[in-house]
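The values are calculated or read from the model by the stated rules, or taken from the named source; none is laboratory data. All values reported here derive from a predicted model rather than from experimental measurement. Cβ placement follows ideal geometry from the backbone for every residue including glycine, while neighbour counts extend to all protein chains displayed. To get the accessible areas, we keep the full protein, side chains included, count just its heavy atoms, and leave off ligands, DNA and RNA. Shrake-Rupley method; radii C 1.70, N 1.55, O 1.52, S 1.80 Å.
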Amino acid sequence: MLNYTTYGATGAARPLLIAHGLFGSGRNWGVIAKRLSDRGEVNTVDMRNHAHSFWDDSHSYEALAADLAQVVEKTGAPADVLGHSMGGKAAMVLAVMRPELVNKLVVADIAPVTYAHTQMGPIEAMRQVDFASVERRSDVLEQMTQLEVGLPEFLAQSVDVAEKKWRLNLDVLTAEMGKIIGFPDIAGSFDGDTLFLSGGASDYVTRDHRAIIKPLFPNAKFAKIPGAGHWLHAQKPREFEANVRAFLDRA
């Protein structure tokens, strides 16, 4: 089972499960999880091949959705589910394949489509880090900055300084990159309330995508956070929290 962290206690609200994006971890969502835990229990997971969860040769969205299903079944079903980017795709597959496990769904800045860009640049940069000279996380951050890779602070959070290695299965993420940037051909739909919450400055979810989204999520609503990009929860955390809270609490 995935490693996960629980915030808050059982309350009036249903449990909320949060699934992070590529190269992330449940820890990245700690601040937002703590804030939302005043409603009830919030669980942040480490996805497979990330952070403190297990490594596996498969990184398909069907497999990631099955991982999330295990956590929901253990922590309380149906749950509200929030997923960002890769985690958002996994959450969408979970909702369509196991709709009985999902109450409300929040998809943060991602669509159920195949994207043209890959994330091989960060992987190649991470592989260039010389761990022989690493004594603290700041050493990795310095090397990543010199390599001119985007989001060096974010990537450096996935370093295991004591073991001098990445807490990311870079080999599998490389081999499965086609699946990660894609989206599986799944049958069915999720009829529950769904919010596609995007960054106003991001192009990950466009109006053209709605023709693909609506058959899968007929009750989907769309909202944008002005001034936010793909990392909307980090760039505009208060606005992100307010939008999620309003959606989840709406009868």
Of everything in segment 27-44, what is surrounded by 19 or more Cβ atoms within 10 Å (Cβ to Cβ) and more than 18 Å from residue 13 (Cβ to Cβ)? Give them in sequence order. 28
Of (1) assigned to a loop (DSSP other than H, G, I, E, B); (2) open to solvent by 30 Å² or more (accessible area, probe 1.4 Å); (3) touching a residue at least 60 places away in the same chain (Cβ under 8 Å); (4) within 30 Å of residue 127 (Cβ to Cβ), residue 202 fails just (2)
Name the pairs whose Cβ atoms lie under 6 Å apart, with the first residue in segment 109-127 and touching a residue at least 24 places away in the same chain (Cβ under 8 Å) and within 13 Å of residue 177 (Cα to Cα), the second open to solvent by less than 10 Å² (accessible area, probe 1.4 Å) and in a loop (DSSP other than H, G, I, E, B), and 6 or more positions between them or separate chains? 114/182
For segment 63-78, enumerate the residues that are within 15 Å of the chain's Cα centre (by Cα) and either among the charged types (D, E, K, R) or over 23 Å from residue 100 (Cα atoms) (or both). 67
Just to be sure before I move on: is residue 51 open to solvent by 40 Å² or more (accessible area, probe 1.4 Å) and not acidic (Asp, Glu) in the structure I sent? no
Residue 143 vs (1) surrounded by fewer than 16 Cβ atoms within 10 Å (Cβ to Cβ); (2) over 19 Å from the mean Cα position of the chain (by Cα): all pass except (1)
Mind listing whichever residues of segment 98-122 are outside any loop (DSSP other than H, G, I, E, B) and closer than 23 Å to residue 65 by Cβ? 99, 100, 101, 102, 103, 104, 105, 106, 107, 108
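If I ask for residues that are within 15 Å of residue 82 (Cα to Cα) and either more than 11 Å from the chain's Cα centre (by Cα) or part of a helix (DSSP H, G or I) (or both), which ones from segment 40-60 would you list?
40, 41, 42, 43, listed by residue number.
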By residue number, the members of segment 106-137 that are among the small types (Gly, Ala, Ser) and under 25 Å from the mean Cα position of the chain (by Cα) are 108, 111, 116, 121, 125
Residues that are among the hydroxyl-bearing types (Ser, Thr, Tyr): list the helices (runs of 4 or more DSSP H) wholly contained in segment 208-251 that include at least 2 such residues. none
Assess whether residue 221 counts as being open to solvent by 80 Å² or more (accessible area, probe 1.4 Å), of a type outside the set (A, V, I, L, M, F, W, C) and assigned by the TED database to the domain that holds residue 110. yes
Can you confirm whether segment 149-171 contains a residue that is crowded, with 17+ Cβ neighbours inside 10 Å, among the aliphatic types (A, V, I, L, M), touching a Gly at 6+ places or on another chain (Cβ under 8 Å) and farther than 30 Å from residue 245 by Cβ? yes
